[in-house]
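Student: Next up is a structure, given as structure tokens.
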């Protein structure tokens, strides 16, 4: 019998230039159904990972808060390389 699998789609990957962490944003659609989640994966030096999932409402709040903080400070900063 085949088991349904979660579907994970990479949205963006980049490296934090100040700490060297590898960061990946993924969309996770669970085989059991429900709301798709935004997964944040942070790989520290070596093999340590921090992974957590955000619902769309929390992700939107976080994105707006971060953008509000960053916009006035990032005026003279070059775009982040992908």
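Student: Conditions: (1) surrounded by 11 or more Cβ atoms within 10 Å (Cβ to Cβ); (2) out of contact with any strand residue (DSSP E or B) (no Cβ under 9 Å at 6 or more places or on another chain). Residue 29 meets all but one. Number of the miss?
Tutor: Residue 29 satisfies every listed condition except (2).
Student: Can you name the residue in segment 1-26 that is over 25 Å from residue 46 (Cα atoms) and out of contact with any strand residue (DSSP E or B) (no Cβ under 7 Å at 6 or more places or on another chain) and is also surrounded by the fewest Cβ atoms within 10 Å (Cβ to Cβ) among such residues?
Tutor: Taking segment 1-26 and keeping what is over 25 Å from residue 46 (Cα atoms), we get 1-7.
Subset that is out of contact with any strand residue (DSSP E or B) (no Cβ under 7 Å at 6 or more places or on another chain): 1-5.
Working: 1: 2, 2: 4, 3: 5, 4: 9, 5: 9.
Filtering first and then ranking leaves 1.
Student: Looking only at segment 36-48, which residues are over 21 Å from residue 3 (Cβ atoms) and at pLDDT 95 or above? Let's see the steps before the verdict.
Tutor: Step one: list which residues in segment 36-48 are over 21 Å from residue 3 (Cβ atoms), which gives 38, 40-48.
Selection gives 38, 40, 41, 42, 43.
Student: Please state which of the following conditions residue 52 fails to meet, knowing it meets all the rest: (1) closer than 30 Å to residue 3 by Cα; (2) within 14 Å of the chain's Cα centre (by Cα); (3) at pLDDT 95 or above.
Tutor: Failed condition: (3).
The values are calculated or read from the model by the stated rules, or taken from the named source; none is laboratory data. Worth saying up front: this structure is predicted, and the values here are computed from it rather than measured. So basically every Cβ, Gly included, is an ideal-geometry build from the backbone, and we count neighbours across all protein chains shown.
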